[in-house]
Amino acid sequence: MIDIQKVTYRYLGKPALVEADLQIEAGDSVAVIGPNGSGKSTLLKLLGGLLHPSEGRYLLDGKEIVEAALKDPVYSRQFHQRIGFVFQNPDTQLFCSSVEEEVAFGPEQMGLSVPEVKRRVDDCLALLQIADLRGEHPWNLSGGEKKRVAIAAVLAMNPEVLLLDEPMNGIDPKGKAFLRDLLLRLNAAGKTVVAATHDFAYIDGLFRRAAVFSEDHRLVRDGSCGEILADRPFLARHNII
Ligand SMILES: Nc1ncnc2c1ncn2[C@@H]1O[C@H](COP(=O)(O)OP(=O)(O)OP(=O)(O)O)[C@@H](O)[C@H]1O
Ligand SMILES: [Mg+2]
């Protein structure tokens, strides 16, 4: 489904991701791990169509995702509907004046009927256990509550692929256990889940696969998440633990 071929990305000439090759099949679950600055967020932004390769190619179902195509509003809407992106910082994502509007925004943009939008909003608020916050302004919420709203807003579009950048950041232990269970359920329901994370205690048993990035922005290992997390000498060598 997702096919990243020898992708390099540079910010103003400075490499952030170097010759990454990564293939992800529909329904897979992948943890993206690596030290600070190794290129995890950059990879997720590329997958989410927010950045475009400086070199190499990104194919989705065999079709190359190019910047020019994403400038077309119809194509762009279809793409973002299929691939949902939850930002590391929910403040980057939330812009409506109530939680309810925030969650309704995506389905409304998709042109769904009023009853269908309402159904999706109700379902997603219930799923994230934030129904009591529906009238609140997102600014007035706590960090963890904002994160739940951001996830609900993405799920309301019912994307096939969920990209999450540090989903456990700022979430309390009970919330992390809840989010872990939610991601497991979404993956079991067939969604492809890709998350950048440092939270190893919570990702163990959650992801089938891990893709590990090194300080020099290269993909140094791609394999079973359980095996990689258990390989402490490898993690230590790459300054991950
Ligand atoms: N907007 C930007 N402009 C310039 N350089 C950037 C920008 N964003 C990231 N970088 C650089 O690109 C490299 C990779 O950054 P990225 O955010 O992808 O790392 P990361 O693995 O997500 O790190 P973290 O664990 O801290 O979230 C870093 O060297 C970073 O300084
Ligand atoms: Mg990051």
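Here are a few things to note about the model shown:
- Matching residues in segment 40-75 - criterion: being more than 12 Å from ligand 1 (Cβ to nearest atom), outside any loop (DSSP other than H, G, I, E, B) and β-branched (Val, Ile, Thr): VAL74
- When GLY48 is tested against the conditions (1) farther than 25 Å from ASN239 by Cβ; (2) surrounded by fewer than 16 Cβ atoms within 10 Å (Cβ to Cβ), the lone failure is (2).
- Enumeration of residues in segment 1-23 that are of a type in the set (A, V, I, L, M) and either within 12 Å of LEU219 (Cα to Cα) or surrounded by 12 or more Cβ atoms within 10 Å (Cβ to Cβ) (or both): MET1, ILE2, ILE4, VAL7, ALA16, LEU17, VAL18, ALA20, LEU22
- When PHE85, PHE95 are checked against the criterion of being of a type in the set (Phe, Trp, Tyr) and surrounded by 15 or more Cβ atoms within 10 Å (Cβ to Cβ), PHE85 stands alone in meeting it.
- When restricted to residues that are among the hydrophobic types (A, V, I, L, M, F, W, C), near ligand 1 (Cβ under 8 Å from one of its atoms) and outside any loop (DSSP other than H, G, I, E, B), segment 1-25 contains 2.
- Failed item in (1) within 16 Å of ligand 1 (Cβ to nearest atom); (2) at pLDDT 95 or above, with ASP28 passing the rest: (1)
- Tabulated pairs, segment 5-31, first among the hydroxyl-bearing types (Ser, Thr, Tyr), second in a loop (DSSP other than H, G, I, E, B) and away from ligand 1 (no atom under 16 Å from the Cβ), C-beta under 9 angstrom, 6+ apart or interchain: SER29/LYS191; SER29/LEU206; SER29/PHE207; SER29/ARG208
- Segments classed as helices (runs of 4 or more DSSP H), wholly inside segment 183-237, with at least 2 members that are within 16 Å of ligand 1 (Cβ to nearest atom) and within 20 Å of the chain's Cα centre (by Cα): 200-203
- In segment 151-166, of all residues being acidic (Asp, Glu) and part of a loop (DSSP other than H, G, I, E, B), the one that is nearest to ligand 2 (Cβ to nearest atom) corresponds to GLU166.
- Some residue of segment 27-45 being exposed (fewer than 14 other Cβ atoms within 10 Å of the Cβ), of a type outside the set (Phe, Trp, Tyr) and away from ligand 2 (no atom under 15 Å from the Cβ): no
The values are calculated or read from the model by the stated rules, or taken from the named source; none is laboratory data. Because the structure is a prediction, the values reported are computed rather than measured. We place every Cβ from the backbone using ideal geometry, glycine too, and count neighbours over all the protein chains shown.
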